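Quick notes on the structure that follows.
Rule-based calculations on the coordinates, nothing more; no lab input. Just so you know, these numbers come straight off a predicted model, no measurement behind them. Please note: Cβ atoms are built from the backbone with ideal geometry, for glycine as well, and neighbour counts cover all protein chains shown.
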Amino acid sequence: MFSPLLEFQAVSYTYPGATQPAIANLSLAIAAGQKTAILGHNGCGKSTLLFLADGLYRCRSGTISWKGERLRYQAPILNLWRQRIGLAFQDPEQQLVAATVAEDISYGLCNLSLSRDEVAQRLHQTLRDFSLQDLADRPLHHLSLGQKRRVALAGVMALQPELLLLDEPTAYLDRLQTHHLLAELDRIHASGTTIVMATHDLDLAYSWADWAIVLNEGQLVLSEPAQQVFAQVEVLNQLQLGMPTLLECWYALPAAWRDRYPPPRTIAQLIARLRAE
Ligand SMILES: Nc1ncnc2c1ncn2[C@@H]1O[C@H](COP(=O)(O)OP(=O)(O)OP(=O)(O)O)[C@@H](O)[C@H]1O
């Protein structure tokens, strides 16, 4: 059963001074419990969509709703909205505000009207969950980019949002850091948080997402189960988005052979199918 957490209805947004809308008449729904990837070229509106979803930008027309309740741009409502919806920016430098790791994670918690004991308890739990205990007192400017991303994500998750929005979370991460991040996201998702990720990495989106949204020039092209989106080879080619490497390999195999199996989701599945032949 499709139960929408967040809905956009005919939403448009134009940056001050711009002639074209960055988001144009966009309607979509984010389902509870799903892992959604937002795909599209540079400048197609992915970050703008996430900023609108988090209430950082105010839509010029249309409505944004949470479980059917329309977003109103008043301070107390926006505060509550941002507790439910956490956004991890593409650039962690834009997000980190305090001097040390522990102070930064505590900063958001101190705005939640929690008792001192609750803040301390949540801080320690978050440091543990994100394996940041050894870095707790480290100045933020001494951290690597990958570590800063982990701290920024930890700061968002300390607020226990129901929906986590991630803007290009794997940009600039090496394979090992990407692997660790995906393991963290699996843990976050398993604990009941819905996740939306804007990404250029089609391979990642293909292996990770249940649902995929494709944007082009601020407009919605596709919003469907990920397997259906990646099966629309012509649309993806028309947009010059390319294909996940695994699917390219799959389509290079003889059609008669492919007909016997669904497309593999992971390299391990592809290898298992090749070995079974
Ligand atoms: N602060 C701004 N002022 C004016 N125009 C902006 C601003 N930020 C973004 N834009 C424009 O809005 C459009 C959408 O930008 P946005 O950053 O949402 O795209 P994106 O899909 O996230 O891109 P990328 O993949 O490069 O991160 C682009 O045309 C961009 O030039």
(request) Report, to the nearest 10°, how far helix 175-190 tilts away from the longest principal axis of the Cα atoms in the chain, using its own Cα long axis and a range of 0 to 90°. (result) 80 degrees
(request) Using the Cα centre as the reference, give the magnitude of the dipole from point charges on the C-beta atoms of segment 199-261 (Lys, Arg: +1; Asp, Glu: -1; all else neutral), rounded to the nearest 20 debye. (result) 200 debye
(request) Give the calculated FRET efficiency between A10 and K67 to the nearest 0.05, with a Förster radius of 30 Å applied to their Cβ-Cβ distance. (result) 0.95
(request) Quick one: angle between helix 116-129 and the longest Cα principal axis of the chain, in degrees between 0 and 90, rounded to 10, please. (result) 30 degrees
(request) Mind checking which lysines have their Cα closer than 21 Å to the Cα of K46? Skip sequence neighbours fewer than 8 apart in that chain. (result) K35
(request) Compute the signed sum of charges (Lys and Arg +1, Asp and Glu -1) over the other residues within less than 12 Å, Cβ to Cβ, of S47. (result) -3
(request) Please determine, in degrees from 0 to 90 and to the nearest 10, the orientation of helix 267-276 with respect to the longest principal axis defined by the Cα atoms of the chain, where the helix direction is its Cα long axis. (result) 30 degrees
(message) Placing +1 on the Cβ of each Lys and Arg and -1 on the Cβ of each Asp and Glu in segment 4-226, which of H124, W81, H142 has its Cα farthest towards the positive end of the resulting dipole?
(response) W81
(message) As a footprinting exposure proxy, order V119, V101, V229 by other Cβ within 10 Å, with the fewest listed first.
(response) V119, V229, V101
(message) As an exercise, use a Förster radius of 22 Å and the Cβ-Cβ distance of Y107 and L78 to find the FRET efficiency, rounded to the nearest 0.05.
(response) 0.80
(request) Sum up the charges of everything whose Cβ sits under 15 Å from the Cβ of S223, counting Lys and Arg as +1 and Asp and Glu as -1, but leave S223 out. (result) -1
(request) Straight distance only, please: which aspartates and glutamates reach the Cα of K67 with their own Cα at less than 13 Å, same-chain residues fewer than 8 apart left out? (result) E7, E162
(request) Express as a percent, rounded to the nearest 5, the fraction of DSSP beta bridges in the chain (both residues included) that run antiparallel. (result) 55 percent
(message) Quick check for me: using +1 on Lys/Arg Cβ and -1 on Asp/Glu Cβ, what's the dipole size of segment 4-226 about its Cα centre, in debye to the nearest 20?
(response) 500 debye
(request) Pick out which of S223, S106, S61 has the largest mean-square fluctuation in a Gaussian network model of the chain, springs linking Cα atoms closer than 10 Å. (result) S61
(message) Under a crude label model (7 Å from the Cα following the beta-carbon direction), how far is Q160 from A31 in nanometres?
(response) 2.7 nm
